[in-house]
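Trainee: Pasting in a structure now, in structure tokens, and then I'll have a few things to ask.
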Amino acid sequence: MIGSASEHEDIRDSVRRLIERDVLPVMGGHEREGTFPHGVVRSMGEAGLFGAAFPEEVNGTGLGFGAVAVIAEEISRQRPDLGVTMNSQAMTCPLTIWNWGTDDQVRRFVPDLIGGRRIGMFGLSESGGGSDAFGSMKTVAERRGDRYVLNGSKMWITLADQCEAGLIFARTSRDDGHAGVSAFVIEPKTQKGYSTQPIAMPGLSPVIRSCAVFLDDVEVPVENRLGQEGEGFKVAMGALDYGRLSVASRLVGAAQACFDLARDYARTRVVGGQAIGRYQMVQQQLADMAVEIEAARLLTRQTAALMDAGAPARRAASYAKYFAGAAAKRAAQATAEIFGGYALAADYPVGFFSAHIAMLATGEGSPNVQRVLIAEDALGWKDANRHPPRRRPSTLRNAVPENVDR
Ligand SMILES: Cc1cc2nc3c(=O)[nH]c(=O)nc-3n(C[C@H](O)[C@H](O)[C@H](O)COP(=O)(O)OP(=O)(O)OC[C@H]3O[C@@H](n4cnc5c(N)ncnc54)[C@H](O)[C@@H]3O)c2cc1C
């Protein structure tokens, strides 16, 4: 693993301080107005929160995936909604461009994404079923000379209404099943035919929206195709492994927030003449939460260590995502029980964390999707680690252009 445990604790402290100083004071205003916190994302990028998986040549910090896990966890412990930026600005979007992109694509998109200057997205799911994203994919990309023309729609795409440089997956062949899908980098703000409809999601933060996306003759230059035609499945699967590390870590952070709330409440809420934390059944709930959260954390760290070593990590990422989702749901449920009726009071953010945990448990593959992957691997039918991970092998030629902010 890159970075020792004490280095990771230093990183956690820095992230905590940055969020307390620069983020929390302005988020209330964004929540009231329902506006996207561009300035916050930019300051997080400038502070290096999104660059841990990237080398210095693209303005990354090179701290590694262990640091990614710590940063994602700490952001989500404080603001589970802002945790989405760890995918759009740090993992699924820019890391996929880094791993699969040409030198030119990396230069054009990666530094701005991890710097928080342009907002990313990962456009895979469609209304026909996110669990079978490739089988149900209807969006098509038709090649016309030096361009592709995209038509179709996507569903649930987070930050699609803010995106400036993001990924879209589309069918380039109707006959080849999973091999008929290709990946593209699109720049929605400058492209005709791109529109979004935010999805109302009661309980979740109004600041970060997921959207239906409509693609109506959207033209994408051939040089924006990521990987070869037909490689979209491999591109997406690799991205989801990294996304699962991020989402599992975000689940650990949100679960830790629930535990912290429950512990503090159990210490101070007096019922029947003593703090409710004195009652054995409440103690059992707290003990189960503490151990399960730590176990989930260790699974994320194991996944990060494999990724830092360049080893196959799909099995570990799936274990981490599956267990962290279950542990976080149990933590949210136990916290709500410990708070009794006060769990429903707006003064306490129990429901807020619970809603974000439910969302995270589904994204990047539902619990059943993880169960299928884990069981088929365990049965010996489909080795989860059969594909070597795709990591950019070499350094860039000419690295970042002079005019990009460092
Ligand atoms: C808030 C939010 C943000 C999201 N952001 C993004 C994003 O940025 N980009 C993106 O591409 N997607 C995004 N998603 C989509 C997400 O990945 C999907 O919701 C998820 O993959 C599940 O797909 P679905 O909701 O269509 O459920 P479905 O696929 O319809 O599944 C419904 C239920 O059936 C079960 N099921 C399905 N197939 C099987 C099977 N073979 N065996 C057993 N059970 C099965 C599932 O586990 C689930 O419980 C987001 C979703 C949400 C809710």
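The values are calculated or read from the model by the stated rules, or taken from the named source; none is laboratory data. This is a predicted model, so every value here is computed, not measured. Methodologically, a virtual Cβ is constructed for each residue, glycine included, from the backbone with ideal geometry; neighbour enumeration extends over all protein chains shown. Keep in mind that these areas ignore ligands, DNA and RNA; they rest on the heavy atoms of the full protein, side chains included. Shrake-Rupley method; radii C 1.70, N 1.55, O 1.52, S 1.80 Å.
Trainee: Sequence-distant or interchain residues sharing an amide H contact under 5 Å with GLY64, placed H: which?
Mentor: ALA53, PHE54
Trainee: Turning to a different aspect of this structure: Peptides 72-78, 196-202: what's the order by average Cβ count within 10 Å, highest mean first? Don't skip to the answer; put the middle values down first.
Mentor: On the way: 72-78: 26.1, 196-202: 12.9.
Packing order, densest peptide first, comes out as 72-78, 196-202.
Trainee: Can I ask one more? Each residue of region 254-270 in order: what ³J(HN,Hα) in whole Hz does its phi give by Karplus 6.51 cos²θ - 1.76 cosθ + 1.60, θ = phi - 60°, with x for Gly and Pro?
Mentor: Per-residue couplings from phi come out as 5, 5, 5, 4, 4, 4, 4, 4, 5, 4, 5, 5, 5, 6, 10, 7, 9 Hz.
Trainee: Okay, next question. Can you find, among SER127, ILE11, ALA72, the residue farthest towards the positive end of the dipole of region 1-140? Put +1 on the C-beta of Lys and Arg, -1 on that of Asp and Glu.
Mentor: The Cα lying farthest towards the positive end belongs to SER127.
Trainee: So, one more: Cross-link candidates for LYS192: which lysines have Cα within less than 26 Å, leaving aside residues fewer than 8 places away along the same chain?
Mentor: LYS192 reaches LYS138, LYS154.
Trainee: So, with a 1.4 angstrom probe, what is the percent of accessible area on region 234-378 that is carbon and sulfur?
Mentor: Details: 3620 of 6200 Å².
Ligands and nucleic acids excluded, carbon and sulfur reach 58 percent.
Trainee: Quick query: amide H of VAL218 versus all other amide H atoms, modeled in the peptide plane; which residues come in under 5 Å with a sequence gap of 5 or more or a different chain?
Mentor: For VAL218, the qualifying residues are LEU150.
Trainee: Rounded to the nearest 20 Debye, what is the dipole magnitude of the chain about its Cα centre when Lys and Arg each give +1 and Asp and Glu each give -1 at the C-beta?
Mentor: On the way: 45 positive and 47 negative charges, 98 e Å.
So the dipole magnitude of the chain works out to roughly 480 debye.
Trainee: Using θ = phi - 60° and the Karplus form 6.51 cos²θ - 1.76 cosθ + 1.60, what ³J(HN,Hα) does each residue of region 376-384 get, whole Hz, x for Gly and Pro?
Mentor: Working through the residues one at a time gives 5, 5, 5, 6, x, 8, 9, 4, 4 Hz.
Trainee: Translational diffusion coefficient, Stokes-Einstein: compute it for the chain using the Kirkwood radius over C-alpha pairs as Rh, at 20 °C and 1.002 mPa s, and state it as an integer in µm² s⁻¹. Could the numbers behind the result be given before it?
Mentor: Working: Rh = 21.6 Å.
Rounded to a whole number, D works out at 99 µm²/s.
Trainee: Let me ask something else about it. From the cross-link list LYS189/LYS321; LYS321/LYS382; LYS234/LYS329; LYS329/LYS382, which pairs have alpha carbons spaced over 26 Å apart?
Mentor: Numbers: LYS189/LYS321 33 Å; LYS321/LYS382 19 Å; LYS234/LYS329 30 Å; LYS329/LYS382 28 Å.
Distance filter (> 26 Å) returns LYS189/LYS321; LYS234/LYS329; LYS329/LYS382.
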